[in-house]
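The values are calculated or read from the model by the stated rules, or taken from the named source; none is laboratory data. Keep in mind that this is a model prediction, so the values were computed, not measured. Here the Cβ positions follow ideal geometry from the backbone for every residue, glycine too, while neighbour counts run over all protein chains shown.
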Amino acid sequence: MSTRMSPSLAPLALTAVAVLLTIPLVYGALRVWDVMSGPGVNPATAPVSIHVAMFWRLSVAGYAAGMVAPLAYLAARRSLRRTLDVLSALTVAVAVLVLVQGTLLP
């Protein structure tokens, strides 16, 4: 049995990866925007509002991931190699954003 992925499943797999990378990327960008845009709520003393902001960021990230899905699928069907290159760069961008957001903007 071969360990290679079927050519028809490769675009779907790349689409799933693109969707999964989009969510933390958008969430982190929105969190950075919230912190940089002015004094925010102190999470240690915040009532329920901090959870509403987190839900809002997750909702926007999920919406963005839904918009990325068909674009990623079409790109993967057109050129698997180019889509893999873009996803590799996106992986690095997500890692850097999570690192910056987690260490500098808690």
Pairs with Cβ under 7 Å, 6+ apart, first in segment 21-40 and surrounded by fewer than 17 Cβ atoms within 10 Å (Cβ to Cβ), second of a type in the set (S, T, N, Q): Val32/Gln101
Residue in segment 63-83 that is over 11 Å from Thr15 (Cα atoms), assigned to a helix (DSSP H, G or I) and polar (S, T, N, Q) present: no
Of residues in segment 33-64 being at pLDDT 65 or above and of a type in the set (Ser, Thr, Tyr), the one farthest from Gly102 (Cα to Cα): Tyr63
